[in-house]
Amino acid sequence: NSTPTATPKAKKSRPKDIDVLGILNSKTDEKPLINVAVVGHVDAGKSTLMGHLLCLLGHVSKKELHKNKTESQKLGKGSFAYAWVLDETGEERERGVTIDVAQTKFQTSKKTVNLLDAPGHKDFVPNMISGASQADVAILVVDSTPGGFEAGFEQGGQTREHVVLVRALGVQTLIVAVNKMENVGWRRKRYDHISSELGVFLKSVGFKNNELIFIPVSGLEGENLMEKCQNPALTEWYSGGSLVDVIDSLDPPKRCYDRPFRLVVTDVFKHPQMGLSVAGKVDSGFLIVGTPVVVMPGGTTAMVKSMTTVDDKCVDYSVAGEQCILVVGGTDQTKIHNGNVICESHSRVRTTLKFKARVLVFNIDIPITKGFPIDLHYQTVNEPAVISRLISTHSKSNGQVLKAKPRCLTKNQVALVEIKCERAICLELFKDSKSLGRITCRYGGNTIAAGMVIEIT
Ligand code: GDP
């Protein structure tokens, strides 16, 4: 599925009749793709950790790293050399090929990893939602330095908000990278303290023991990222694997290849050679070049002329779980927008103005009442909406109804609500689509609730 041919124009026939399901079933030896979001408080060391990992995996040339090191030293920020590795993808974004969240693909011995780097700053929460809503697994980076962990974990820090969000967005597996461990002499006591404090909180938001993996690392020194750390200060008490070992040991996510094709649009741009291009993630099903499609909710029809992967390889088809760029004809840029869903015309995604969702209310100051205005985030976009009905509140542990028709919702409650949008949006039930069935509600720049679509009216 990856012939690096030069231009799609060179293709003579449309490969409409490829037996994609047959190919997928026969490709048992291919490395499974896993989408990973990296979250955590600003300065926890996310960029450094992932940048260093990419260097260790051989994704960064010596020349490039040397250039980063010299330039960052000139600015007196020598330690940023690794973090800048990821910023390279920022340039790609300017060229218009990637999406909101910087993306990098890398290979381990058992997996193809698509990394979604989510910025940690508070202002970037909408981007973080977009990253996390595409993720199968999240890596939560926490700073183990005295005061560092506490700053990220206490009120105002982003650790809690990010964790609650990734859970509400349906991420099932969380790898907690306890970072900067060289700063605390790889001390077990500090690691255990952080793991237990975080563990209590992670379980309170719904993660089970078998969905949590803790791992001590140093992003700056590159310890325990790819190879198992050999430092006796760590090996005397830690017998688990490196970050890459942990990633390799994860079960591959289940992909819905046999469900109808859905691609959620994350970027629309004019490629200088190819023309009108649409980037996004295939949520379910597959699509072959040459297939007529429809863009929902607008209903515009278009033809897929060619397709490339995010790393610019021409492909004949794309399947669930992959990020891809479609070059489309028969329509124009004004008719396709971020958050639109591309489908085959005979099996369109549902569009609606009103739906019911089960949400978790976050740490809010003002109670949510009927008619509460929100910014509704789903997939990668947001729309003005209102919480039009408060239907019931529920127990967190067993989901039983606690109160019907509550007058208001306060922090940490689980509730069934009805949400009404100003414009039609594309949604699926959470039970049918983990990503198209997730929503988050924001108000005044804060995330106030997140949850799953239960009923589409
Ligand atoms: P981000 O905001 O989470 O992406 O954090 P950065 O990767 O930009 O790192 C923030 C600061 O922490 C920088 O000064 C890094 O050099 C430093 N840092 C990152 N990882 C480590 C580590 O493992 N050990 C130490 N001592 N410092 C680190």
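Let's test the formula: R0 of 25 Å, r as the Cβ-Cβ distance of Glu64 and Asp312. What FRET efficiency results, to the nearest 0.05?
0.90
Determine the per residue accessible area of region 210-300 with all protein chains present and a 1.4 angstrom probe, expressed in square angstrom.
Averaged over the residues of region 210-300, the accessible area is 41 Å².
Please list the non-local residues whose amide H lies under 5 Å from the amide H of Cys256, H modeled 1.01 Å from N, same-chain partners needing a gap of 5 or more.
Answer set, sorted by chain and number: Gly285.
Per-residue HN-Hα couplings for region 224-229, Karplus 6.51 cos²θ - 1.76 cosθ + 1.60 at θ = phi - 60°, whole Hz, x for Gly and Pro?
Once rounded to whole Hz, the list reads 6, 8, 9, 8, 5, 5.
Kindly report, to the nearest 10 Å², the accessible surface of Ser284 as traced by a 1.4 Å probe over protein heavy atoms only.
10 Å²
Among 353-364, 47-58, how do they line up from the highest to the lowest mean number of other beta-carbon atoms within 10 Å?
Packing order, densest peptide first, comes out as 47-58, 353-364.
How about region 362-457: which trypsin sites (Lys or Arg not before Pro) there are in a DSSP loop, with at most 10 other Cβ atoms within 10 Å of their Cβ?
Taking region 362-457 and a limit of 10 other Cβ atoms within 10 Å, the loop trypsin sites (Lys or Arg not before Pro) found are Arg407, Lys431.
Given a cut-off of under 8 Å on Cα pairs at least six residues apart, what relative contact order in percent is computed for region 286-373?
After rounding, I find 29 percent.
Using the Kirkwood radius built from alpha carbon pairs, what does the Stokes-Einstein equation give as D for region 157-205 at 25 °C and 0.890 mPa s, in µm² per second?
The Stokes-Einstein estimate is 206 µm²/s.
Calculate, in nm to one decimal, what Cys408 and Lys105 gain on full extension: separation in residues at 0.36 nm each, minus their alpha carbon distance.
Full extension of this stretch gives 104.6 nm more.
The values are calculated or read from the model by the stated rules, or taken from the named source; none is laboratory data. Just so it is clear, the structure is predicted and the values come from calculations on it, not from any experiment. Heads up, the Cβs are rebuilt from the backbone with ideal geometry, glycines too, and the neighbour counts pull from every protein chain shown. Just so you know, the surface numbers come from the protein's heavy atoms only, side chains and all, with ligands and any DNA or RNA stripped out. Shrake-Rupley method; radii C 1.70, N 1.55, O 1.52, S 1.80 Å.
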